[in-house]
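Okay, structure first, notes after.
The values are calculated or read from the model by the stated rules, or taken from the named source; none is laboratory data. Quick caveat: nothing in here was measured; it's all calculated off a predicted structure. Methodologically, a virtual Cβ is constructed for each residue, glycine included, from the backbone with ideal geometry; neighbour enumeration extends over all protein chains shown.
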Amino acid sequence: MIERLLPAGPNHQVRVRCSQRADGDFHVDLDPTELADRRQRFAPGEWTWLRQVHGSAVVDVRRPGDGAGSEADSSVTSVTGAVLAVQSADCVPVVLSASGVVAVAHAGWRGVVEGVVPAAVAALRERSDGPVTALVGPHIRVGSYEFGEAELGAVAAISGDGVRGRTAAGAAALDMTEAVRATLHSADVDEIEILEGDTADPGWFSHRVRADRERQVTVAWLESLDD
């Protein structure tokens, strides 16, 4: 597990946890009892988990667990202790924080094209006028992400030609790190941290490299500094 704390104004912080292979599978179609137990061991509390569809919808979480199971790729809340979650196995998990607010987003290449990152930033800014911090979680890196020209063109149209790269073997590839970084910059995010971690490595699940069915999870929640 990787854990980070993000600033969220004078009275709050955001706690972020990113799972690794050793933490187990968090695929939403696991046995519900087993999955619920695994979630609580990883991050106690009511989770807002999503049935991700590579779109730009953002779920407004008004109480812990609100919107669980929604078809969406992002959620936002100003409720202390409400656990927001996204699953991934190569796509990019993004956590956003501002004063008293947190959001999470699942950004695959289709989500980048659909605008999930700016949608999540906009939802955050509707609730807070302070600076925005972004944490980009582990995801597949350009050296292992061979990609077709038509799809590369679609992402480049949104994030710029810097997303075009090469795999370790020299094939055309998509740089998802740059794709998400560029969209965060375009959304005027104030601070961006990109965690180390390539899901092509054996410490993570990867659909593209190993055809893994399992999923990592990234969770985030607000904590009060006044308690």
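Restricting attention to the range 173-227, the residues being free of Cβ contacts under 8 Å to residues at least 40 places away in the same chain and surrounded by 18 or more Cβ atoms within 10 Å (Cβ to Cβ) number 4. Against the list (1) β-branched (Val, Ile, Thr); (2) at pLDDT 95 or above; (3) in a loop (DSSP other than H, G, I, E, B), the condition Val28 fails is (2).
Could you list, in sequence order, all residues of the range 54-73 that are part of a strand (DSSP E or B), in contact with a Lys or Arg (Cβ under 8 Å, 6 or more places away or on another chain) and not hydroxyl-bearing (Ser, Thr, Tyr)?
Keep residues of the range 54-73 that are part of a strand (DSSP E or B), which gives 58-61, 70-71.
Okay, now just the ones that are also in contact with a Lys or Arg (Cβ under 8 Å, 6 or more places away or on another chain), so 70-71.
Glu71, the sole residue that qualifies.
Counting only residues that are over 23 Å from Val209 (Cα atoms), hydrophobic (A, V, I, L, M, F, W, C) and exposed (fewer than 13 other Cβ atoms within 10 Å of the Cβ), the range 156-172 holds 1 of them. Filter the range 3-27 for residues that are aliphatic (A, V, I, L, M) and buried (at least 16 other Cβ atoms within 10 Å of the Cβ); which is nearest to the chain's Cα centre (by Cα)? The selected residue is Val16. Looking at Val104, Val76, Val95, which is the one that is of a type in the set (Val, Ile, Thr), touching a residue at least 40 places away in the same chain (Cβ under 8 Å), outside any loop (DSSP other than H, G, I, E, B) and touching a helix residue (DSSP H, G or I) at 6+ places or on another chain (Cβ under 7 Å)? That would be Val76, the only listed residue that is of a type in the set (Val, Ile, Thr), touching a residue at least 40 places away in the same chain (Cβ under 8 Å), outside any loop (DSSP other than H, G, I, E, B) and touching a helix residue (DSSP H, G or I) at 6+ places or on another chain (Cβ under 7 Å). Take the conditions (1) assigned to a loop (DSSP other than H, G, I, E, B); (2) farther than 19 Å from Ser88 by Cα; (3) not basic (Lys, Arg); Val121 misses just one of them, which is (1).
Yes or no, residue by residue, for (1) of a type in the set (Ser, Thr, Tyr); (2) within 25 Å of Arg208 (Cβ to Cβ):
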site: Glu3; (1), (2): no, no
site: Glu34; (1), (2): no, no
site: Pro44; (1), (2): no, no
site: Trp49; (1), (2): no, yes
site: Ser56; (1), (2): yes, yes
site: Cys91; (1), (2): no, yes
site: Val104; (1), (2): no, yes
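For the range 156-227, list the strands (runs of 3 or more DSSP E) that sit wholly inside it and hold at least 2 residues that are acidic (Asp, Glu); which are they?
Working: elements: 164-166, 172-174, 191-194, 216-224.
Output list reads 191-194.
Summed over the range 32-68, the residues that are in contact (Cβ under 8 Å) with a residue 12 or more places away in the chain and of a type in the set (S, T, N, Q) give a count of 3. Considering the conditions (1) buried (at least 20 other Cβ atoms within 10 Å of the Cβ); (2) in a loop (DSSP other than H, G, I, E, B), Gly130 is excluded by exactly one of them, (1).
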